[in-house]
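Let me begin by presenting the structure, written as structure tokens, before commenting on it.
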């Protein structure tokens, strides 16, 4: 039974890039991403697990920092409430489009 004080069913979208594909033909193994992020945060008390205020914005930044090929993360707390964190160099590229 999960006894969280304040529970969210987060939806996380991770964007990754690489100049070349790995030996398996992938930018990143999404199982690795899921294990790293979901495995750490699932059913945990974010206030105890994370060394920062666990806002959607801070969690999006933390995700980008955990995965080397990740350049952007979207964290949706609920419908219409989404935070996006994007590395500055990629943000500048997206703004120019």
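The values are calculated or read from the model by the stated rules, or taken from the named source; none is laboratory data. As the structure is a prediction and not an experimental result, all values here were calculated from the model. Using ideal geometry, Cβ is built from the backbone for each residue, glycine included, and neighbour counts are taken over all protein chains shown.
Quick look at the values:
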read-out	value
Filter result for the condition that a residue is at pLDDT below 90 and loosely packed, with under 12 Cβ neighbours inside 10 Å, over 53, 45, 22	53
Filtered residues of the stretch 81-97 (kept if loosely packed, with under 14 Cβ neighbours inside 10 Å and at pLDDT 90 or above)	81
